[in-house]
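The values are calculated or read from the model by the stated rules, or taken from the named source; none is laboratory data. Model, not experiment: these values are computed from the prediction. Backbone-built Cβ (ideal geometry, glycine too); neighbour counts: all protein chains shown.
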Amino acid sequence: MNLKSGSVDQFEQFSQFKDLQEFNAHLEIWLAVHKYKFSKGELAGLKRLVRFAAKIPGVSNAKIGRC
């Protein structure tokens, strides 16, 4: 598989969620189990990245400089 950067819309096929509500529910459950493994800064970075995964639930292609 050869992925190139571009519009997040081209990665819609990789979403495993039917809508944003399902994505948020899964994320909340996952964080309840794994949150203790992350530092405060890592959690802040993860939550920032999650915001970029809202247009196509669970898919983000934000550049490091953009976060």
**Item:** All positions within region 12-58 that are in contact with a Phe, Trp or Tyr (Cβ under 9 Å, 6 or more places away or on another chain) and acidic (Asp, Glu)
**Value:** none
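Yes/no matrix, rows are residues, columns are (1) outside any helix (DSSP H, G or I); (2) at pLDDT 95 or above; (3) among the charged types (D, E, K, R):
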residue	(1), (2), (3)
3	yes, no, no
12	no, no, yes
16	yes, no, no
25	no, yes, no
32	no, yes, no
41	no, yes, no
48	no, no, yes
62	yes, no, no
